[in-house]
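A short write-up of the structure that comes next.
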Amino acid sequence: MSTESIDYNSLYHAVANNLDDSIIEKYDLDGLLRTATLCWDGTGVMVSGSDFSMVFDLVNYDLLDYTGFDA
């Protein structure tokens, strides 16, 4: 398991940048960040909302995976 820890400031901006402006107000981003968990053997961090799941790289916070029920 990686010894990296989650940079919540970077994660906040990564989530906000990947949510459409028309729906971002629907989510409590601070609440979502409290449920963030390390995944992919500690190389990623997962954030899940009621209708999506995002995985970000733990180093640069690039979006690696998106699963959503908005299609």
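The values are calculated or read from the model by the stated rules, or taken from the named source; none is laboratory data. Given the structure is predicted, the values throughout are model-derived calculations rather than measurements. Cβ coordinates were reconstructed from backbone atoms using ideal geometry, including for glycine residues, and neighbour counts include every protein chain displayed. Areas reflect the complete protein model, heavy atoms only, side chains present, ligands, DNA and RNA absent. Shrake-Rupley method; radii C 1.70, N 1.55, O 1.52, S 1.80 Å.
What the table below lists for this structure:
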quantity	calculated
Dipole magnitude of the stretch 10-71, debye to nearest 20 (Cβ charges: Lys/Arg +1, Asp/Glu -1, about Cα centre)	180 debye
Order by protection proxy (mean Cβ within 10 Å, highest first), peptides 43-50, 24-31	43-50, 24-31
From phi via Karplus (6.51, -1.76, 1.60), per-residue ³J(HN,Hα) for the stretch 53-65 in Hz, x at Gly/Pro	9, 10, 10, 10, 5, 6, 8, 10, 6, 6, 6, 9, 8
Degrees between helix 8-18 axis and first principal axis of the chain (Cα, 0 to 90, nearest 10)	40 degrees
Correct option for semi-axes √(5λ) of the Cα gyration tensor in Å [calculated from the coordinates] among (1) 16, 14, 12; (2) 58, 9, 7; (3) 20, 12, 10	(3)
For the chain, accessible area per residue (1.4 Å probe, heavy atoms of protein chains only), Å²	64 Å²
The chain, relative contact order in percent, only Cα pairs under 8 angstrom and at least six apart counted	27 percent
Portion, in percent, of the accessible area of the stretch 8-67 that falls on carbon or sulfur, probe 1.4 Å	47 percent
